[in-house]
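The structure appears right after this line, and notes come after that.
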4 protein chains.
Amino acid sequence: MSPPKHKACQTTFRIRYAETDNMGLVHHAVYLVWFEEGRSAYIRARGWSYADIEASGYYLVAADLAARYLRATRYDQEVTVMTWIEEVQSRAITFGCEILATSTGELAFSASLKLICVDARRRISRIPAAWKPWLRH
Amino acid sequence: MSPPKHKACQTTFRIRYAETDNMGLVHHAVYLVWFEEGRSAYIRARGWSYADIEASGYYLVAADLAARYLRATRYDQEVTVMTWIEEVQSRAITFGCEILATSTGELAFSASLKLICVDARRRISRIPAAWKPWLRH
Amino acid sequence: MSPPKHKACQTTFRIRYAETDNMGLVHHAVYLVWFEEGRSAYIRARGWSYADIEASGYYLVAADLAARYLRATRYDQEVTVMTWIEEVQSRAITFGCEILATSTGELAFSASLKLICVDARRRISRIPAAWKPWLRH
Amino acid sequence: MSPPKHKACQTTFRIRYAETDNMGLVHHAVYLVWFEEGRSAYIRARGWSYADIEASGYYLVAADLAARYLRATRYDQEVTVMTWIEEVQSRAITFGCEILATSTGELAFSASLKLICVDARRRISRIPAAWKPWLRH
């Protein structure tokens, strides 16, 4: 999972209070939401939008996830989400992600998520040819 | 907002870890999720289901909320959600809710939420006559 | 609740996919999270940080909420959160909030939330004199 | 990841409206919350509580996750969460999880999560001897 950083999309935001838990740290499920925002930003940076994809009748659904939590993050910190495409198959796209503490550059989280393309009836589908422009990685 | 307790639907569950925040208490937005579960339970207790309502092409969308937070709650506690109908209008339903710490009966939260009926195109709509059985309160 | 807009703090962000629900709209509890982010931004804009407040042993806990949902919002839209202080009492602060669709300026949500100051043992406390600089509104 | 079902703890609940997303399905991050509830239930079934563990000054933080999403789930469905211990090391515990649609028994999600034991200062720590009763699997 070494990130092809020159090909990654980078997005930065502050950690919300609601994202913390009893331990005073960010809850581990929240990193999946940030990774998802990273994918949205990736598609947007290539001139598309995931909203348009859904409007066209296709969806990407989570299938296979591997994730490592390396360092805790806290309320009000800034985090940088790096997102890239690891692999494109006929019916699936695998995204990679690294989340860093913006101020120190320390790695907090890294993950790889394979998403399956489905159509409006939730049947597995080939990736539409129209996606090629934003899939080229 | 004195609850007509004999008409209220009661549902009980444990507080989840993910529902807490940095302060070691349940995050204030979570009570709205519990209230929503209270409404789901209310409709189910009357032999219907909010899932069926949406399947029939109607939705209830939040319009007006008043809420009081009276006592903090914590991970692993049990809470009891009491839900009832306060008022039915031609295009709106107002639900009331009280959330108690199950073990002590102490009131943690009370709220009133007016929901507007909309159709599949999200236009304001009269409440369907078919809902009468579960609306009788 | 007419906002003193010249005194309001303004913050803008895109709606996340995870913030939507079955209805294809933003879930109504999410607006409380955005309002909370508005308060964080308000305090930050005055040179403080809510993280520092908690580190100093004080907390602001939700007590009384009134909210109106005026227009639905959707994934990938930009929203602008306007936040201001409505009232400061000896032990409480009331914040006001308006959330607008950034592109059209249409009002989606307005709310008023009274927060009570508590100390590290969660006892109601006077607002520390040290907060005066960011409370002046 | 074949589950030692005779050793698994089983807990069942209905899917909440707030757990769904724009696609009409449960959001993929929610399964981590359910898995966490499965771990809470596992510890409780062995006469302990994760709340007591934290009160004693120790915490379990997520370190390594592998998860597969096999079938979508929807609002109002009942799901059954099976949770078991896969491995205990000196400083880590690995839990396994399977989430099934209760009515059909179809597998929706399976995962394995390694958690690291940390003390109150968030330093990696040996698992306290006192935990042995609930760790015996």
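Largest GNM mean-square fluctuation among B:88, B:79, B:33, using chain B with Cα springs under 10 Å: B:33. Sorting B:114, A:132 from the fewest to the most surrounding beta carbons within 10 angstrom yields A:132, B:114. For chain B, the square roots a ≥ b ≥ c of the C-alpha gyration tensor eigenvalues yield an a/c of 1.5 or more together with a/b exceeding b/c, which makes the shape prolate. For chain A, the longest principal axis of the alpha carbon atoms and the long axis of helix A:30-45 meet at an angle near 50°.
Remark: spin-label model distance residue C:86-residue A:87 equals 5.4 nm, labels positioned 7 Å along the Cα→Cβ axis.
Comparing C:121, C:46, C:14 in a Gaussian network model of chain C, where Cα atoms under 10 Å apart are tied by springs, the biggest mean-square fluctuation is seen for C:121. In this structure the amide hydrogen of residue C:24, modeled in the peptide plane, comes within under 5 Å of no amide hydrogen from residues 5 or more places off or on another chain. Obtain the nm distance between the two label points defined at residue D:66 and residue A:104 by a simple spin-label model: each point lies 7 Å from its Cα along the Cα-to-C-beta direction. The answer from the label model is 2.9 nm. Applied to segment C:107-115, the Karplus parametrisation 6.51 cos²θ - 1.76 cosθ + 1.60 on θ = phi - 60° returns per-residue 3J(HN,Hα) values of 6, 9, 7, 9, 7, 9, 10, 8, 10 Hz, with x for Gly and Pro.
Annotation: amide H-H contacts under 5 Å for residue C:13 (H modelled 1.01 Å from N, sequence separation of 5 or more, or interchain): C:79, C:81. Remark: the protein assembly as shown carries a charge dipole of roughly 0 debye about the Cα centre, counting +1 on each Lys and Arg Cβ and -1 on each Asp and Glu Cβ. 3J(HN,Hα) couplings calculated from phi for segment D:19-27 with the Karplus curve 6.51 cos²θ - 1.76 cosθ + 1.60 (θ = phi - 60°) are, in sequence order, 8, 8, 9, 3, 7, x, 10, 5, 5 Hz; Gly and Pro show x.
For residue C:108, nonlocal amide neighbours, meaning residues 5 or more places apart or on other chains whose placed amide H falls under 5 Å from its own, are C:99, C:100, C:101.
Of the beta bridges in the protein assembly as shown, as assigned by DSSP with both residues counted there, near 100 percent are antiparallel.
Ordering C:102, B:83 by the number of other Cβ atoms within 10 Å of each residue's own Cβ, fewest first, gives C:102, B:83. Dipole magnitude for segment D:5-135: computed about the Cα centre from +1 point charges on Lys and Arg Cβ and -1 point charges on Asp and Glu Cβ, it is near 440 debye. Which pairs, out of D:7/D:132; A:7/D:114; B:7/B:114; A:7/A:114; B:114/C:7; A:132/D:114, put more than 27 Å between their alpha-carbon atoms? Among D:7/D:132; A:7/D:114; B:7/B:114; A:7/A:114; B:114/C:7; A:132/D:114, the Cα-Cα distance tops 27 Å for A:7/D:114; B:114/C:7; A:132/D:114. Extent along the principal axes, Cα only, for the protein assembly as shown: 52, 51, 49 Å, with the longest axis given first.
A Gaussian network model of chain C, with springs between Cα atoms under 10 Å, assigns the largest mean-square fluctuation among C:18, C:101, C:63 to C:18. With the biggest extent put first, the Cα atoms of segment A:77-137 measure 43, 22, 16 Å across the principal axes.
For D:56, B:110, the sequence from fewest to most other C-beta atoms within 10 Å is D:56, B:110.
What net charge is computed for the residues neighbouring residue A:58, neighbours being all others with C-beta under 12 Å from the C-beta of residue A:58, Lys and Arg scored +1, Asp and Glu -1?
+2
The calculated 222 nm mean residue ellipticity attributable to helices in chain C amounts to -5500 deg cm²/dmol, summing -39500 (n - 2.57) over DSSP H runs of n ≥ 4 and dividing by all residues.
Only the coordinates and a few stated rules stand behind these numbers; no lab work does. Given the structure is predicted, the values throughout are model-derived calculations rather than measurements. With ideal geometry, Cβ positions are generated from the backbone for all residues, glycine too; neighbour counts draw on all protein chains shown.
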